[in-house]
1. Please state which of the following conditions LYS69 fails to meet, knowing it meets all the rest: (1) of a type in the set (D, E, K, R); (2) open to solvent by less than 70 Å² (accessible area, probe 1.4 Å); (3) over 24 Å from TYR101 (Cβ atoms).
2. Could you run through the stretch 25-34 and say how many residues are open to solvent by less than 70 Å² (accessible area, probe 1.4 Å), modelled with pLDDT of 85 or more and over 8 Å from the mean Cα position of the chain (by Cα)?
3. Out of PHE46, PHE54, report the one residue that is more than 21 Å from TYR100 (Cβ to Cβ), aromatic (Phe, Trp, Tyr) and open to solvent by 80 Å² or more (accessible area, probe 1.4 Å).
4. Within the stretch 27-43, identify whether any single residue is assigned to a loop (DSSP other than H, G, I, E, B) and more than 20 Å from TYR107 (Cβ to Cβ), and answer yes or no.
Amino acid sequence: MNCIDAIEGIIKRIIDRTIDDLFSDRLDDTEYIRNIKAVIVASESFMHENKEIFNSPEVVKRILYDYAKDKWMHHRIKLQEKNKTKIDEADNLLDQEYLYYFYDYIYDRGVYPL
């Protein structure tokens, strides 16, 4: 196993554990996304500081970002399916495109979209 695989594996486990906290209602979406961003930014910083070990930190960052976002999307979709009768049809969180925007907005700005 090389260093990139190790970093990627460890961060994915952290993401999995953080999504478990979201599942169990210990986090809301903003907290989850901000925590994920902190982990990804920290790992990216470490990889940039150790360029002799990591030659493509941007690729690893994208893989981790996509992994965390995909986990969150699956969680959101499961909640929607579970609560279909309780959700207002006009709710933007039913629209998958909006969910992508929603995640990216919080990731970039740290707050819910207005």
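1. (3)
2. Within the stretch 25-34, residues that are open to solvent by less than 70 Å² (accessible area, probe 1.4 Å), modelled with pLDDT of 85 or more and over 8 Å from the mean Cα position of the chain (by Cα) number 3.
3. Checking each option against the conditions leaves just PHE46.
4. Of the residues in the stretch 27-43, the ones assigned to a loop (DSSP other than H, G, I, E, B) are 27-28.
Okay, now just the ones that are also more than 20 Å from TYR107 (Cβ to Cβ), so none.
No, every residue in the stretch 27-43 fails to be assigned to a loop (DSSP other than H, G, I, E, B) and more than 20 Å from TYR107 (Cβ to Cβ).
The values are calculated or read from the model by the stated rules, or taken from the named source; none is laboratory data. All of these numbers come straight from a predicted model, not from anything done at the bench. Here the Cβ is made from the backbone with ideal geometry for all residues, glycine too, and neighbour counts use every protein chain on show. Ligands, DNA and RNA are stripped out before the accessible areas are found, and what is left, the full protein with its side chains, is counted by its heavy atoms. Shrake-Rupley method; radii C 1.70, N 1.55, O 1.52, S 1.80 Å.
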